[in-house]
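Comments concern the structure below.
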Amino acid sequence: MFKICCVKPGEQHHTAWRRTSGLLIAVLLLAACAQATALPALRADYARQQQQDGGLTFTLDAPAAPRINQPQRLFITLRDRRGAPVPDAEVYFDLDMDMLCLSHNQPIADHLGDGSYAADTVYVMAGDWRIRVIATIEEVEYRALFTTSVVE
């Protein structure tokens with residue numbers, strides 16, 4: 001025995017179109033999510049700050065309570081306007097404070113992958129320090145300014 005189903009004209013076409021458009025929207029959302037990458041997890045005893053310059057987002061992860069004469073590791077993550085990692089930048093830090101007797105400390109950052117970079121430094125005096133991050137991408141320089149307070 002055969003079952004005969006009566007379908008109104010255009011009904012199957014409408015249902016198929018709804019499925020196809022739903023699938024297309026899901027694929028586009030996944031593609032958009034794939035472009036934006038989450039930031040690395042914040043390390044214990046670190047603080048996170050963000051700045052932007054020209055559509056580039058700088059995310060600095062630095063020790064929350066840095067101490068003088070102790071090695072410090074600074075991490076910077078670069079993301080473009082869409083939130084995608086920027087893997088091919090030349091990055092360095094420029095650390096200084098308002099003391100004429102101190103020269104600038106300018107460690108060059110190593111690329112860690114996925115738009116993340118790191119450099120090591122040592123603060124030689126307690127007080128308020130400026131941390132400038134300079135990133136050069138395709139001969140264009142981007143800058144961000146952060147601050148930290150160093151204790152003895």
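Laboratory data are not the source of any read-out in this text; all were calculated from the coordinates shown. Predicted model, so just to flag it, every value in this text is computed and none were measured. Counting neighbours? That spans all protein chains shown, and the Cβs are built from the backbone with ideal geometry, glycine included.
Scan region 34-63 residue by residue and report those that are loosely packed, with under 14 Cβ neighbours inside 10 Å and among the hydrophobic types (A, V, I, L, M, F, W, C).
Within region 34-63, 34, 36, 38, 41, 42, 44 meet the criteria.
Restricting to region 72-99, count the residues that are under 17 Å from residue 130 (Cα atoms) and not β-branched (Val, Ile, Thr).
12
Quick check: is even one residue across region 59-71 under 18 Å from residue 46 (Cβ atoms), assigned to a strand (DSSP E or B) and of a type in the set (Lys, Arg)?
Yes, region 59-71 contains a residue that is under 18 Å from residue 46 (Cβ atoms), assigned to a strand (DSSP E or B) and of a type in the set (Lys, Arg).
List the number of the failed condition for residue 150; all other conditions in (1) under 16 Å from residue 52 (Cα atoms); (2) among the β-branched types (Val, Ile, Thr); (3) crowded, with 16+ Cβ neighbours inside 10 Å hold.
Going through the list (1) under 16 Å from residue 52 (Cα atoms); (2) among the β-branched types (Val, Ile, Thr); (3) crowded, with 16+ Cβ neighbours inside 10 Å, residue 150 breaks only (1).
Spot the failing condition for residue 91; the list is (1) surrounded by 15 or more Cβ atoms within 10 Å (Cβ to Cβ); (2) more than 21 Å from residue 56 (Cα to Cα); (3) not acidic (Asp, Glu), and only one is missed.
(2)
Just to be sure before I move on: is residue 109 within 24 Å of residue 37 (Cβ to Cβ), free of Cβ contacts under 8 Å to residues at least 40 places away in the same chain and buried (at least 18 other Cβ atoms within 10 Å of the Cβ) in the structure I sent?
Considered against the rule, which asks whether it is within 24 Å of residue 37 (Cβ to Cβ), free of Cβ contacts under 8 Å to residues at least 40 places away in the same chain and buried (at least 18 other Cβ atoms within 10 Å of the Cβ), residue 109 comes out as yes.
Go through (1) exposed (fewer than 12 other Cβ atoms within 10 Å of the Cβ); (2) touching a strand residue (DSSP E or B) at 6+ places or on another chain (Cβ under 9 Å); (3) outside any strand (DSSP E or B) one by one and return the number of the condition residue 82 breaks.
So the condition that residue 82 fails would be (2).
Taking residue 132 as the residue in question, decide whether it is touching a residue at least 24 places away in the same chain (Cβ under 8 Å), closer than 17 Å to residue 57 by Cβ, surrounded by 14 or more Cβ atoms within 10 Å (Cβ to Cβ) and out of contact with any Leu (no Cβ under 7 Å at 6 or more places or on another chain).
Considered against the rule, which asks whether it is touching a residue at least 24 places away in the same chain (Cβ under 8 Å), closer than 17 Å to residue 57 by Cβ, surrounded by 14 or more Cβ atoms within 10 Å (Cβ to Cβ) and out of contact with any Leu (no Cβ under 7 Å at 6 or more places or on another chain), residue 132 comes out as no.
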